[in-house]
Amino acid sequence: QVQLVESGGGLVQAGGSLRLSCAASGIIANINTMGWYRQAPGKQRALVAVMPSAVSTNYADSVKGRFTISRDNAKNTVYLQMNSLKPEDTAVYYCNAGINGKPYWGQGTQVTVSS
């Protein structure tokens, strides 16, 4: 059974930083895209950042220059370094990965940014 387990969420003041981690476990033959999405109250889930491969990245315009996505293929882990956080970044953050040809989601981790 493949699982994605996230960690690193929490409460931070505006201007602060957090680092999210998402580790894939189980029987894994290959991992393609790994990324992060978020869902704020009353809004749809939206892309934050994605790595279609080990070297390419895409970011939502709202986080460019503040967030950095990276992955460690040896550990089957993707990270999201979030700097200069704003109250509008408050949301549940979900990890997503294409593993063995199927999409998987993590359980979500809450990020709350106070003003």
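The values are calculated or read from the model by the stated rules, or taken from the named source; none is laboratory data. Source: prediction; values computed, not measured. We place every Cβ from the backbone using ideal geometry, glycine too, and count neighbours over all the protein chains shown. Side chains are part of the model used for accessible areas, which takes the heavy atoms of the whole protein and leaves out ligands, DNA and RNA. Shrake-Rupley method; radii C 1.70, N 1.55, O 1.52, S 1.80 Å.
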For the range 63-78, which residues satisfy the criterion of being out of contact with any Lys or Arg (no Cβ under 9 Å at 6 or more places or on another chain) and open to solvent by 20 Å² or more (accessible area, probe 1.4 Å)? K64, G65, T68, S70, R71, D72, N73, A74, K75, N76
Which one of these is within 15 Å of the chain's Cα centre (by Cα), over 16 Å from V5 (Cα atoms) and not aliphatic (A, V, I, L, M): Q81, Q44? Q81
Which residues, taken from the range 79-115, are open to solvent by less than 40 Å² (accessible area, probe 1.4 Å), farther than 14 Å from R38 by Cβ and either basic (K, R) or touching a Cys at 6+ places or on another chain (Cβ under 9 Å) (or both)? Y79, A97
Taking strands (runs of 3 or more DSSP E) that fall entirely within the range 55-112, which contain at least 3 residues that are closer than 14 Å to A40 by Cβ? 91-99
Say whether the condition of being within 14 Å of A91 (Cα to Cα) and buried (at least 19 other Cβ atoms within 10 Å of the Cβ) is met by at least one residue in the range 21-34. no
Quick one: would you say A49 is under 19 Å from I99 (Cβ atoms), in contact with a Ser or Thr (Cβ under 6 Å, 6 or more places away or on another chain) and in a strand (DSSP E or B)? no
How do the pairs read when you match residues in the range 93-115 that are at positive phi with residues anywhere that are surrounded by fewer than 21 Cβ atoms within 10 Å (Cβ to Cβ) and outside any strand (DSSP E or B), using Cβ under 7 Å and keeping only pairs 6 or more apart or on different chains? N100/V2; N100/I28; N100/A29; N100/N30
Pull up the range 1-38, narrow it to residues that are without any contact (Cβ under 8 Å) to a residue 60 or more places away in the chain and part of a strand (DSSP E or B), then point me to the one that is farthest from the chain's Cα centre (by Cα). S25
